[in-house]
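Student: Dumping the structure here so I can ask a few things about it.
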Amino acid sequence: MERDLNIHLESERALLRPLTLEDESELQEVADDDALWIYGLTDLSQPGELKKYILDALADREQGIAAVWTIIDKRTNKVAGCTRLAEISWKDERGQIGWTWIGRDFQGSGLNREMKFLILSYGFEKLGLNRIEFKADERNHQSRQALLGIGASREGVLREHMKIHNGYIRNTVFYSILKSEWDTIKEQYFTNFTSNL
């Protein structure tokens, strides 16, 4: 299986292009909405935080443990946010989809679902991962419902697991999809989606 983490993923609706430092100004326009960071581990609307976020993400990609993308909504040709497939363990054949943030104009539009389809297809079909996991703040019902809506299995809650940017220690709900489930999930939850893989 290939291990190219610097890859474009594209469908009819979504373009995921590898994150670069040059994306900072367009991403900052999206990140300046502080409502996006209610459940965030960091608050990227704060000065300097987005640059640090980008540099950390690029370092993870260089180390071979993350693929990081700028999200483009092809209907408007606008930068919509950022996402990644990270914490990749090649030995254990697993990774985590997360660090996803999308501007409010794009929420509920179907862009997030199509983007998840692209990353899941890439993770299972190109990288050969066996397990892709997701974490959500227990209070974030919208995110949790969206994960169930793409066929992810809820696995449990880690109590007082992570401290977010405002000092609150959140409970984290874990979800996952396994490679053995992917063909069924793809057929059931992602009908009519196609990718460039």
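Student: Suppose we filter segment 1-18 for residues that are farther than 24 Å from E93 by Cβ and not polar (S, T, N, Q); how many remain?
Tutor: Counting residues in segment 1-18 that are farther than 24 Å from E93 by Cβ and not polar (S, T, N, Q) gives 6.
Student: Right, here's the next one. Pull up segment 43-82, narrow it to residues that are basic (K, R) and not in a loop (DSSP other than H, G, I, E, B), then point me to the one that is nearest to L16 (Cα to Cα).
Tutor: First pass over segment 43-82, keeping only residues basic (K, R): 51-52, 61, 74-75, 78.
Filter once more, keeping what is not in a loop (DSSP other than H, G, I, E, B): 51-52, 61, 78.
On the way: K51: 19, K52: 21, R61: 15, K78: 12 Å.
Within segment 43-82, the match that is nearest to L16 (Cα to Cα) is K78.
Student: Can you tell me which residues in segment 34-61 are modelled with pLDDT under 95 and farther than 20 Å from K135 by Cα?
Tutor: D34
Student: I would also like to ask the following. Select from segment 83-101 the residues that are assigned to a strand (DSSP E or B) and more than 24 Å from I38 (Cα to Cα) and list them in ascending order.
Tutor: First, the residues of segment 83-101 that are assigned to a strand (DSSP E or B): 83-89, 94-101.
I88, S89, R94, G95, listed by residue number.
Student: Still on this structure, I have one more. For segment 28-42, name all the residues that are touching a residue at least 40 places away in the same chain (Cβ under 8 Å) and in a helix (DSSP H, G or I).
Tutor: Correct list: E29, V30, A31, A35, L36, W37.
Student: Next question. Just one of (1) at pLDDT 95 or above; (2) of a type in the set (G, A, S); (3) crowded, with 17+ Cβ neighbours inside 10 Å trips up G64, so point out which.
Tutor: For G64, the exception is condition (3).
Student: Hey, any hits in segment 171-180 for a residue that's out of contact with any helix residue (DSSP H, G or I) (no Cβ under 6 Å at 6 or more places or on another chain), at pLDDT 95 or above and not in a strand (DSSP E or B)?
Tutor: So far as segment 171-180 goes, yes, one or more of its residues are out of contact with any helix residue (DSSP H, G or I) (no Cβ under 6 Å at 6 or more places or on another chain), at pLDDT 95 or above and not in a strand (DSSP E or B).
Student: Could you look through segment 126-145, keep only residues that are in contact (Cβ under 8 Å) with a residue 40 or more places away in the chain and farther than 17 Å from G156 by Cβ, and pick out the one that is surrounded by the most Cβ atoms within 10 Å (Cβ to Cβ)?
Tutor: L129
Student: Among K74, K91, K78, K116, which is modelled with pLDDT of 95 or more, in contact with a Lys or Arg (Cβ under 9 Å, 6 or more places away or on another chain) and basic (K, R)?
Tutor: Details: K91 fails: in contact with a Lys or Arg (Cβ under 9 Å, 6 or more places away or on another chain); K78 fails: in contact with a Lys or Arg (Cβ under 9 Å, 6 or more places away or on another chain); K116 fails: in contact with a Lys or Arg (Cβ under 9 Å, 6 or more places away or on another chain).
Answer to the selection: K74.
The values are calculated or read from the model by the stated rules, or taken from the named source; none is laboratory data. Quick caveat, the model's predicted, so the values are computed rather than measured. Please note: Cβ atoms are built from the backbone with ideal geometry, for glycine as well, and neighbour counts cover all protein chains shown.
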